[in-house]
Amino acid sequence: MSWWHRLWQRQKMEQQLEKELLFHLEQHTKELIEQGHTPDEARRGARVELGGPEQVKEGCRDARGTRWLEDLWQDCRYALRTLRQKPGFAAVALLTLALGSGATTVMFTVINGVLLKPLSYPGSERLITLNERIEKYGDTWGFAYLSFLDSKNESRSLSLAAWSYDGGGTISGPGEAEYVDGRKISAELLPVLGITLAHGRNFLPEEDRPGAAPVVIISYGFWQRRFGGGLDAIGKPLVLDGKSYTIVGIAPAGFQLSEAWMLPSNIETDVFTPLGQDTDPRMQNRGAHFIRVLGRLQPGVRLAEAQAEMALISRDRAKEFPKFNEGRAIVVLPLRQEVVKDVRSTLWMLLGAVSLVLLIACVNVASLLLARAVSRERELAMRVVLGAGRGRLVRQCLTEGAVLGLGGGVLGILLAALGIRPFVAFWPGSLPRSEEIHLDWRVLLFATAASLLSGVLFGLAPAFRAPRHKLEETLRAGSRTVVGSSRHLHGGFVICEIALACMLLVAAGMLGRTLLRLSALDPGIDVRNVLAARVAISPGVLENPAQIRAAWQDLLARTRSLPGVRDVALTDIVPMREGENLLEYWATPEPPPPNQAPFALQSSVTPDYLKVMGIPLHHGRFFTDDDRVGTAPVVVIDDNLAQHAFGSSDAVGKPLWIPALSSRPVLIVGVVGHVRHWGLAGDDQSRVRDQVYYPLAQVPDSLMHFFASIMSIAVRTDMPPLNVVEPLSRELRGAANDQVLYEVRKMEQLSHGSLDRQRFLLVLFGIFAGLALLLSCIGIYGVLAYLTS
């Protein structure tokens, strides 16, 4: 019979074995009686010669090869019986393990979904991203569009595609006007990613070039919302920023392009237009690095080979265009690494912290089992006397530990299933690949393995306490005292628990101190009663720079007329919100070598910007209505840039060279305080901290259309800022009712949100430390209770 069949027929085979032993015993007794022994002597001699019945049975079980399985089954049943007999001990041990394994399972589930799973695209392991790296800074930047075309045409190891953020705008037909999020993509993007449209077709190569017929792909959600999910949407016109596009395709549900590249999400990008049709002057500027590039490795090509090819292409570009490409290198990275780069270290750190909690739980249960083993010394000694070997006792202890571990693991999985969604929702900002975080076979395998390993770890402690010497003394005395090595081992477990808990408490304390220090930093602006929102002006004026300027002035006038509004200004970027515009500058007539110039964060604003934001003016003046196109270009710099460029001398009245703003030097007319644009926590670590302000009225006409797509309005109020949102939205709708206010935020909200990551880590480490302390207290109480009894 098979071992499985023999195991299930165990009771029947035991009965047969009993009959066989009885038969041999009776036969041998009969033989001894025939030899002249008395019946009593014969029965005794037969038993002595045959051996102990249980030992004979063990030998028979060994012969049929099921002893180890029968022992395991017997030990499991015995472990369950002992747990049932001690419900208090079982409850404490299982709850301890459930808390430790549950927290660890939650963290592994997140890591599995975010870091370990392959991306949900065909052949995702071959997807890569390309960035340009400036050797001076070591950081990665976007691509210039012309550099992307060069790389795409020359590469033989990669299929490349590109996209850019600035593809959104106001939809004014069909239906009511609304602002939609959009991206501009190259025709190769969807095929490179392996994305299949829900309906319709992709962009054709001839549509991805200037002057081609305007076409658009809409998101699945926008299709359902705007067209009711009707297939007749294909071929219909869509008016975006006053320009009529033809709908040619519908993206699959959940498709988006975000800062974390391409991720499935509930938040969809609404419209996609061909990147090659963009008439923005930056498209032909090799110094404008705003394009995102990704690609797919050709079959048989390794990542290192693609990197070597890109290095050769970047060297060729540096020789051909030294002004723009010298000192720049192309970096090839796996797409999955690029997706999770901001959270990778945080997640592994949290897994390490929660693993300490699990370790404390294991030490805790080991202490309880050790104390219980001390009280069971008489039982274990009896087993040794009856013939159990040390290996047999160790197996029994490990089995009891494994049963406890698996029980705690099952409860931990249930706790993890309840805690995963709240954990993801609690994560600050957006967690990459959050929709892929759920329990699967990998998580269950991890939880089972962790439970079994934990069972082995805390099952070893009582195994080492199995008695080997002075068995008679142990049997006579029982477990009445705990002396010698037992006290030392118990003390060692208690010390380990407290030490591990203190590690987490110290980490939480350090995070708390850091958070308090960061919260006390001056953001450089007065965040109270300030509202910031993006604004999309009427699509009917976008093709006329003069009308765009007039529309902005009308926005300012309408906003000032509202009750409760003290000051209002326009700006292209808002501090502590996403968005940046980094420009090279230098303070000497002789420019530095290519790509060696420092960078500054440039912001174009209206004259009242300082009053709205509460930024202090240190020297000189700020902009006035006289600073407009046709007058001498002027800038205002912050004290960081003033210190770096001019040292201790006064910067006001000195020239500054910023080629992206003007072909001639610009005049510095004022110095203002530094603003922590990158957030209270991130500003000190930013690669660029110098700041320069430029009058919005001096922005050239060629850039008016682009600035209209990124402009924000900032309002200082005499009342709670959110009270003016509704009247402000209504007032700014415009005569054609097609101007939209969106992404409304309080500056207090942005400032507070810049510390969300630190606050989140503090809360988690505080929870872990509190849990560790609770487990330590439970363990110490349980051990002392057992030792006392």
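For the reader, a short list of remarks on this structure follows.
- Taking residues in segment 327-341 that are at positive phi, and partners anywhere that are open to solvent by less than 20 Å² (accessible area, probe 1.4 Å), the pairs with Cβ atoms closer than 7 Å and at least 6 places apart or on different chains are GLY327/ILE134; GLY327/ASN595.
- Those residues of segment 165-180 which are within 21 Å of TYR145 (Cβ to Cβ) and open to solvent by 10 Å² or more (accessible area, probe 1.4 Å), in sequence order: TYR165, ASP166, GLY168
- Close pairs from segment 748-760: first farther than 18 Å from PHE423 by Cα, partner of a type in the set (Lys, Arg), Cβ under 6 Å, at least 6 apart: LEU750/ARG577
- Within the option set ALA198, ALA162, ALA187, being crowded, with 22+ Cβ neighbours inside 10 Å and among the hydrophobic types (A, V, I, L, M, F, W, C) holds for one residue only, ALA162.
- Considering residues of segment 426-441 that are touching a helix residue (DSSP H, G or I) at 6+ places or on another chain (Cβ under 9 Å) and either in a helix (DSSP H, G or I) or without any contact (Cβ under 8 Å) to a residue 60 or more places away in the chain (or both) only, the residue nearest to SER120 (Cα to Cα): GLU436
Every residue, every condition in (1) touching a helix residue (DSSP H, G or I) at 6+ places or on another chain (Cβ under 8 Å); (2) closer than 30 Å to SER367 by Cα; (3) surrounded by fewer than 24 Cβ atoms within 10 Å (Cβ to Cβ), yes or no:
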site: VAL92; (1), (2), (3): yes, yes, yes
site: THR104; (1), (2), (3): yes, yes, no
site: ILE111; (1), (2), (3): yes, no, yes
site: LEU115; (1), (2), (3): yes, no, yes
site: ARG126; (1), (2), (3): no, no, yes
site: LEU130; (1), (2), (3): yes, no, no
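- On inspection, GLN284 qualifies as closer than 26 Å to THR170 by Cα, open to solvent by 20 Å² or more (accessible area, probe 1.4 Å) and either in contact with a Leu (Cβ under 7 Å, 6 or more places away or on another chain) or at pLDDT below 90 (or both).
- Long-range neighbours under 6 Å by Cβ, at least six apart or interchain, first residue touching a residue at least 12 places away in the same chain (Cβ under 8 Å) within segment 557-572, second part of a loop (DSSP other than H, G, I, E, B) and open to solvent by 10 Å² or more (accessible area, probe 1.4 Å): GLY564/ASP718; GLY564/MET719; ARG566/ASP718; ASP567/ASP608; ALA569/THR606; ALA569/ASP608; LEU570/THR606
- Any hit, segment 140-151, residues being more than 30 Å from ILE420 (Cβ to Cβ) and either open to solvent by 40 Å² or more (accessible area, probe 1.4 Å) or of a type in the set (Val, Ile, Thr) (or both): yes
Residue-by-condition table, conditions (1) in contact with a strand residue (DSSP E or B) (Cβ under 8 Å, 6 or more places away or on another chain); (2) open to solvent by less than 10 Å² (accessible area, probe 1.4 Å); (3) under 22 Å from VAL357 (Cβ atoms); (4) of a type outside the set (S, T, N, Q):
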{"position": "GLY391", "(1), (2), (3), (4)": "no, no, no, yes"}
{"position": "VAL394", "(1), (2), (3), (4)": "no, no, no, yes"}
{"position": "LEU406", "(1), (2), (3), (4)": "no, no, yes, yes"}
{"position": "LEU418", "(1), (2), (3), (4)": "no, no, yes, yes"}
{"position": "PRO422", "(1), (2), (3), (4)": "no, no, yes, yes"}
{"position": "SER430", "(1), (2), (3), (4)": "yes, no, no, no"}
{"position": "LEU439", "(1), (2), (3), (4)": "no, no, yes, yes"}
{"position": "PHE446", "(1), (2), (3), (4)": "no, no, yes, yes"}
{"position": "LEU460", "(1), (2), (3), (4)": "no, no, yes, yes"}
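- Exclusive hit being at pLDDT 80 or above, of a type in the set (Gly, Ala, Ser) and open to solvent by less than 70 Å² (accessible area, probe 1.4 Å), set ALA98, ALA79, ALA46: ALA98
- Taking (1) modelled with pLDDT under 85; (2) crowded, with 21+ Cβ neighbours inside 10 Å; (3) within 17 Å of LEU356 (Cβ to Cβ) in turn, CYS777 satisfies each apart from (2).
- Any hit, segment 296-319, residues being open to solvent by 20 Å² or more (accessible area, probe 1.4 Å), in a strand (DSSP E or B) and of a type in the set (A, V, I, L, M): no
- Considering only residues in segment 336-372 that are open to solvent by 10 Å² or more (accessible area, probe 1.4 Å) and in contact with a strand residue (DSSP E or B) (Cβ under 9 Å, 6 or more places away or on another chain), the one that is modelled with the highest pLDDT turns out to be ARG336.
- Any hit, segment 543-555, residues being touching a Gly at 6+ places or on another chain (Cβ under 7 Å), open to solvent by 10 Å² or more (accessible area, probe 1.4 Å) and assigned to a helix (DSSP H, G or I): no
The values are calculated or read from the model by the stated rules, or taken from the named source; none is laboratory data. Remember, predicted model here, so these are calculated numbers, not experimental data. Here Cβ is always computed from backbone atoms with ideal geometry, including for glycine, and neighbour counts include all displayed protein chains. Just the protein is used for accessible areas: all its heavy atoms, side chains included, with ligands, DNA and RNA removed. Shrake-Rupley method; radii C 1.70, N 1.55, O 1.52, S 1.80 Å.
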